[in-house]
Structures are given as structure tokens and as C-alpha cells.
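Derivation of every value follows stated rules applied to the coordinates shown; laboratory data play no part. Quantities reported herein were computed from a predicted structural model and do not represent experimental measurements. Cβ placement follows ideal geometry from the backbone for every residue including glycine, while neighbour counts extend to all protein chains displayed.
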Amino acid sequence: MAERIILTQGDPALEKKCRPVTKFDRRLHTLIDDMRETLLISNGVGLAAPQVGILRRVVVVMDVMDEGQEHILELVNPEIVAREGEQTDFEGCLSVPGQYGMVTRPNVVTVRAQDRDGNWFEATGEEIVARCFCHELEHLDGHLFTEHVQGRLYTAEEVQAIRDREAEENGGAPEGGA
């Protein structure tokens, strides 16, 4: 496994539509392993192949299991098959470092995808995982979250100040969570 360089906003690769994966081979496994490593090192919650310069439909997403343990979902050729509810919260992106914006997404999302060996499966995510499914799959079609931002972009410090203010107003419990 190796850490890959994450492309940032303005790189033309982030604006291109990715091609489906047709070969489930060692090369794909290496890409997925490298994406997992890169995600963990960068402290992100999701990463799409175009963010590391590979125009294939591959995504890795952090998932929180019922036991509270995190693991990484590997999604090859993913597509959203169901959406439910709505949530609005701050969202950021490894390709738009240090910038966050208010974005509305579904609260529950089910994706259909293939695993690294080509087997089809479905996965359902709620809240931040649902948000991440939507965000990462948009990368595969050349889109960034900034296209959905309500209002302006904020720095991490501004987001923290807003969260702190919300926590004060709600008796210590911050609103939102992305």
C-alpha cells in the first residue's frame, strides 16, 4: 500500500466523468488498497478515484458499524438506488482543503456496487455515511460539493465557532455532525 497525492480543486481530472471498472485484477486491488491508505492518512471519511488522478468508478467510504467500530467500504461501479429523508450540515472535501459549506443531502442512502472481486452488493448508510455516499459518487461524474453549497464557504475555525455557539444555545449539545 502507498499513499497517493490528492488532487485539489482546479485540477482538470476532478471535472471528468469516470469510466466503469471492467477488470477486477491486481491493479484494481492496488488502487483500492492505496485509496484506503490515503484515506486513513488524510483523516477523511471518503475518497473517490479521480481525487487521486484515476478516472475509474471506485470509491472508499468510512462506515460506522453497530458496535461503534469503523471500517472502510469499498465501492466499485457504485450507483445510488434509494434515498430517504433530508439533512443539512457542513460538508468538506479533501480536494477542497480547509473549506466547508452548508449542503443538503438525503438522510438515508442505499448504494448498489461491486466489491474488489466484481461481486454485487448493496449498502445502506445514514447521516454522515449517506452524505458521504452522495458526495463521493458525485466525484465520479466530475462534480464537487461546492456546487451545492448554500451561501458561502467557511474555514475550519469559522465552523468550530458556529458549532460552539450552537452548543451554548442548546445547553452544551452541538447540532449537526458532518
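Couple of notes before you dig in:
- Which of Tyr154, Tyr100 has the fewest Cβ neighbours within 10 Å, and the rest in rising order: Tyr154, Tyr100
- FRET efficiency for the pair Glu3 and Glu169, taken as 1/(1 + (r/R0)^6) with r the Cβ-Cβ distance and R0 = 30 Å, rounds to 0.15.
- Note: relative contact order over the chain, using C-alpha pairs below 8 Å and six or more positions apart, is 22 percent.
- Relative contact order (%) - region 41-102, alpha-carbon pairs under 8 angstrom, separation at least six: 23 percent
- Shown for Phe24, Phe121: other C-beta atoms within 10 Å of each C-beta, ranked fewest to most, produce the order Phe121, Phe24.
- For semi-axes √(5λ) of the Cα gyration tensor in Å, calculated from these coordinates, the label among (1) 21, 19, 19; (2) 28, 18, 15; (3) 23, 19, 18: (2)
- Net length gained if the chain between Asp141 and Glu79 were fully extended (0.36 nm per residue, minus Cα distance): 21.2 nm
- Helical contribution to [θ] at 222 nm, DSSP H n ≥ 4, -39,500 (n - 2.57), averaged over the chain, rounded to 500: -8000 deg cm²/dmol
- Exposure proxy order (Cβ contacts within 10 Å, fewest to most) of His29, His135, His148: His29, His148, His135
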